[in-house]
Amino acid sequence: MDYTILILALPLLSFLVLALAGMKMPHRVAGAIGTLSLGAVAVLSYLTAFSYFTAERTAEGTYPTLTPWNIDWLPFTQQLHIDMGIMLDPISVMMLIVISTVSLMVHIYSFGYMKGEKGFQRYYAFLSLFTFSMLGLVVATNIFQMYVFWELVGVSSYLLIGFYYTKPEAILASKKAFIVTRFADLGFLIGILIYGYYMQTFTFTPSEEQLMKAGMVLPWALGLMFVGGAGKSAMFPLHIWLPDAMEGPTPVSALIHAATMVVAGVYLVARMFPLFIGFAPSVLHWVAYIGAFTAFYAASVACAQSDIKRVLAFSTISQIGFMMVALGVCTSMNPHEGGLGYMAGMFHLFTHAMFKALLFLGAGCIIHAVHSNEMETMGGLHKYMPITHITFLIACLAIAGIPPFSGFFSKDEILTACFQFSPVIGWVMTIIAGMTAFYMFRLYYCIFWGKENKELHAAHVPHESPLNMTFPLMFLAAVTLIAGFIPFGHFVSANGESYDIHLDIQVAATSIVVALIAIGLATWMYAREKQPVAEMLARRYSGLHRAAYKRFYMDEVWMFVTKRIIFRCISTPLAWFDRHVIDQFMNFMAWCTQAFGVTVQPAQSGRIQTYTMWFLGGIILLTLVLLLF
C-alpha cells in the first residue's frame, strides 16, 4: 500500500498551494482545488479500507498491522528514536474513513455556506491543513509522531475558530481553545517523556523487556497522556473551550468539534488500550468515571441552552463522554469477557461522527435561512426547509437511540458494556441517554414545529439551502440509516478477533423505553406553539435553570482560578521577581561590562606613542621578573 502516502501528501499540497497562491485565484478555483484533493483522499481511504479489511487475517485470526512507510527521523540512542511513517491497523483505517468522509462533505457544503465570504481561499487552506494534521495523527507509527500532529491539529483548529478575525468573540474563542488545550497537552508531553525515558522507546507496542523497565512509572505516564486526551476531547473540567469554539463557521464546527478533532482523545486511549488494560486498569476506570460525569454535566447544560450550536456543542461533549465510558469500563481484551466496551466505543465514534456532522451541517442550513443561532427566531421551519427537516429528524432519532438508526446499535452496545461492569454505571448512562433524547427533541421541536416568528420571517422568508449544501445532508442521513447494520465487530475489536454483535434484549428494551419517554416529554412540552409547561418549570426552578444556562458557572470558576489565584498569587510575584531580581542582575552585569570597557578604553587610544610606552614598560617588567626569579 505504498499509495497511502498520497493520503497525507494531497491535503498538505493543497494547503501549500492555497496558502501561497490562493488569494490570486478565483474563489471557485480555490474551493475546487481543496475539494478535489479531499475527494481523491476519500477515494484512497476507501480503497485502503477495502484492501485492508478484505485481506487474509493472521494465523491468530486478527488483521495484521502494516507499516507501508517508515522513515528514521530523530535517533537518540540505538533503541530510542523517533520515526515518521504510516501505520495501518483496524482503528487507524476506520478513522481514515471517518475523517475523509466528513471532511469531504464539509468541503462540498462550504461552497454554498461560505459563498461570498472574505477569506474564502484562506478558509479552504485551513481546512486542508486541519485534514492533513488529523490524518497524520491517526496513522502515526509512534506516540511522538502522534504528538507532533496533535499539536498541528491544535494550530489548525485555532486558525479555523478564529477565521472571523474581525469579531472579538471569535478571537477570544480561538485563544481560549488554544490555551486550554495547550495546558492539557503539557500533561501529554510530560507523559510521553516519562514513557520514552523509562521504556527507551516511543512505539505503541513495547517489548516485555521494555515494559519491565518502566515498572510502576507506566500508570503515571498513561495518566498524564490522558490529561492531553481529556483536553482535546473536552472532558470536565477542561471542556470550557468547546462551546465557545462555535464562534467559527458552522462547517468548521461540523468538521473539528463534532466528528474528528474532539475524538482525538478517545482515539489516544484506544491506541494505548493494551497498555491501559494490562498495566493501568485503575487509570482506565477513572477514564470511565470522568467520562460519565462529563456526559451527565453536558447533557444537563444542553437542556437549557437557546443557541442551537451550543446545544449541539454540549451534546458533543456528552457523547464523547459515552465513548470514554465505553473504553473505561473494559476489564479485558476479550469482547466476551469484559472487553465489549472497546468495540462499542469505536462503533459509537464511527456512527456519532456521521449523525453529529449531519446535525451541525443541518444547523448551518437553518442559520443560513434565518440569520440567527437563537431558537426563538425559528419555529415552523418544516414548511420552508423540507430536506433539512427530514435529515435533521433522522439525526435526532439516531442520537436518541431509536432503532433502526445507527446511534441505537452503538449506544446499546455501550450500555450493555456498562451494565456488565456495574449496574450503577449502567443505569447512570441509561438516564443520560434519556436526557440526550429529551434535549435533542426539544431542539428539533423548537426549530421546526414551535411558534413561528412571523415578523422576522415576513422580512426574510426562510428557504431551503442550495444543492451543494443539501447533498451532504442527504448523504450523511443515508449513512446514518445504514451504518448500524455494519458488522463493526468483524473489523474492530479489543483483541483484533472477529466479534458478532449481539443485542441484549433487556438493555435494548430499557433504553428504547427511556428514550421514548424522553421524546414524549419533549413533545408534550415543546411541540406546540405555546410552551406553558416549559415556561412554568423555568420560572419555578429559575435558579437551577439559570445555572444550567450559565453552564453551572464553570467559566466564572475558571476566571476566578486564573485571575485571582494563578495571576495574582503566582504570576504577579514571579513577574516582580523577574523585574526586580533577574532583570536587575542582568542590568548589573551590563553595567560592570560597560564600566570595565570605559576603564580599559584609554589603552586603545590609537596613538603610537601610548602603544610604545606600554610595549617598553612590559619588556622592562618582564625583564625584572626574569632577573628576580
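Given region 212-316, what helices (runs of 4 or more DSSP H) lie entirely inside it while holding 2 or more residues that are free of Cβ contacts under 8 Å to residues at least 40 places away in the same chain and touching a Gly at 6+ places or on another chain (Cβ under 8 Å)?
Filter on region 212-316 gives 217-232.
Residues that are modelled with pLDDT of 90 or more and among the hydroxyl-bearing types (Ser, Thr, Tyr): does region 245-267 have at least one?
yes
So, Leu129, is that one in the same structural domain as Leu36 (by TED's automatic domain parsing), outside any loop (DSSP other than H, G, I, E, B), out of contact with any Phe, Trp or Tyr (no Cβ under 7 Å at 6 or more places or on another chain) and among the hydrophobic types (A, V, I, L, M, F, W, C) or not?
No; evaluated as a whole, the condition is false for this residue.
Every residue, every condition in (1) of a type outside the set (Ser, Thr, Tyr); (2) closer than 30 Å to Glu247 by Cβ; (3) modelled with pLDDT of 85 or more, yes or no:
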{"site": "Gly162", "(1), (2), (3)": "yes, yes, yes"}
{"site": "Lys167", "(1), (2), (3)": "yes, yes, yes"}
{"site": "Ile171", "(1), (2), (3)": "yes, yes, yes"}
{"site": "Ser174", "(1), (2), (3)": "no, yes, yes"}
{"site": "Thr181", "(1), (2), (3)": "no, yes, yes"}
{"site": "Ala184", "(1), (2), (3)": "yes, yes, yes"}
{"site": "Ile192", "(1), (2), (3)": "yes, no, yes"}
{"site": "Glu209", "(1), (2), (3)": "yes, no, no"}
{"site": "Met212", "(1), (2), (3)": "yes, no, no"}
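Return yes or no: is Ile425 assigned to a helix (DSSP H, G or I) and either farther than 15 Å from Ala483 by Cβ or assigned by TED's automatic domain parsing to the domain that holds Val492 (or both)?
yes
Specify the residue that is surrounded by the most Cβ atoms within 10 Å (Cβ to Cβ); the eligible residues are those in region 317-339 that are at pLDDT below 90 and in a helix (DSSP H, G or I).
Pro335
Looking only at region 122-144, count every residue that is surrounded by fewer than 24 Cβ atoms within 10 Å (Cβ to Cβ) and of a type in the set (S, T, N, Q) and tell me the total.
Final tally of qualifying residues: 2.
Please specify each residue of region 18-32 satisfying the condition of being touching a helix residue (DSSP H, G or I) at 6+ places or on another chain (Cβ under 7 Å) and either buried (at least 19 other Cβ atoms within 10 Å of the Cβ) or more than 22 Å from Val155 (Cβ to Cβ) (or both).
Across region 18-32, the qualifying residues are Leu18, Gly22, Met25, His27, Ala30, Gly31.
Any chance you could count how many residues in region 317-336 are touching a Gly at 6+ places or on another chain (Cβ under 6 Å) and among the β-branched types (Val, Ile, Thr)?
Number satisfying all stated conditions: 3.
Considering (1) surrounded by 15 or more Cβ atoms within 10 Å (Cβ to Cβ); (2) closer than 30 Å to Gly338 by Cα; (3) modelled with pLDDT of 90 or more, say which one Val513 fails and leave the rest.
Going through the list (1) surrounded by 15 or more Cβ atoms within 10 Å (Cβ to Cβ); (2) closer than 30 Å to Gly338 by Cα; (3) modelled with pLDDT of 90 or more, Val513 breaks only (1).
Can you find a residue that is surrounded by fewer than 22 Cβ atoms within 10 Å (Cβ to Cβ) and either assigned to a helix (DSSP H, G or I) or outside the structural domain of Ile97 (by TED's automatic domain parsing) (or both) anywhere in region 490-502?
There is at least one residue in region 490-502 that is surrounded by fewer than 22 Cβ atoms within 10 Å (Cβ to Cβ) and either assigned to a helix (DSSP H, G or I) or outside the structural domain of Ile97 (by TED's automatic domain parsing) (or both).
Give region 485-522 a look and list any residue that's among the hydrophobic types (A, V, I, L, M, F, W, C), farther than 19 Å from Ile91 by Cβ and under 28 Å from the mean Cα position of the chain (by Cα), or say none.
Within region 485-522, Phe485, Ala515 qualify.
Can you pull out the residues in region 493-515 that are without any contact (Cβ under 8 Å) to a residue 12 or more places away in the chain and aliphatic (A, V, I, L, M)?
Matches in region 493-515: Ile505, Ala509, Val513.
Go through the residues of region 37-59 one by one and say whether even a single one is under 13 Å from Val93 (Cβ atoms), crowded, with 19+ Cβ neighbours inside 10 Å and more than 25 Å from the chain's Cα centre (by Cα).
yes
Tell me the residue from Thr351, Thr377 that is among the hydroxyl-bearing types (Ser, Thr, Tyr), within 24 Å of Val263 (Cβ to Cβ) and either at pLDDT 95 or above or in the same structural domain as Ala264 (by TED's automatic domain parsing) (or both), please.
Exactly one of Thr351, Thr377 is among the hydroxyl-bearing types (Ser, Thr, Tyr), within 24 Å of Val263 (Cβ to Cβ) and either at pLDDT 95 or above or in the same structural domain as Ala264 (by TED's automatic domain parsing) (or both), namely Thr351.
Quick one: is Val17 without any contact (Cβ under 8 Å) to a residue 12 or more places away in the chain, out of contact with any Ser or Thr (no Cβ under 6 Å at 6 or more places or on another chain) and not small (Gly, Ala, Ser)?
In short, no.
Considering only region 437-444, I want to know if a residue exists there that is surrounded by fewer than 20 Cβ atoms within 10 Å (Cβ to Cβ) and either closer than 16 Å to Gly341 by Cβ or out of contact with any Lys or Arg (no Cβ under 9 Å at 6 or more places or on another chain) (or both).
no
Applying the selection to region 197-228, what residues are in contact with a Leu (Cβ under 9 Å, 6 or more places away or on another chain), aromatic (Phe, Trp, Tyr) and either under 15 Å from Gly278 (Cα atoms) or surrounded by 18 or more Cβ atoms within 10 Å (Cβ to Cβ) (or both)?
Tyr198, Phe202, Phe204, Phe226
Look through Ser410, Ser406, Ser372, Ser422 and report the one residue that is surrounded by fewer than 21 Cβ atoms within 10 Å (Cβ to Cβ) and under 24 Å from Phe296 (Cβ atoms).
Ser422
Mind checking whether some residue in region 190-200 is among the polar types (S, T, N, Q) and without any contact (Cβ under 8 Å) to a residue 60 or more places away in the chain?
no
Within region 85-108, can one find any residue that is in the same structural domain as His348 (by TED's automatic domain parsing), among the charged types (D, E, K, R) and in contact with a Ser or Thr (Cβ under 7 Å, 6 or more places away or on another chain)?
Looking for residues that are in the same structural domain as His348 (by TED's automatic domain parsing), among the charged types (D, E, K, R) and in contact with a Ser or Thr (Cβ under 7 Å, 6 or more places away or on another chain), one finds at least one in region 85-108, hence yes.
Taking the residues in region 522-537 that are touching a helix residue (DSSP H, G or I) at 6+ places or on another chain (Cβ under 6 Å) and modelled with pLDDT of 85 or more as candidates, determine which candidate is farthest from Pro423 (Cα to Cα).
By that ranking, first place goes to Tyr526.
The values are calculated or read from the model by the stated rules, or taken from the named source; none is laboratory data. Treat the numbers as computed from the prediction; the structure is a model and nothing was measured. Virtual Cβ from ideal backbone geometry, glycine too; neighbours counted across all protein chains shown.
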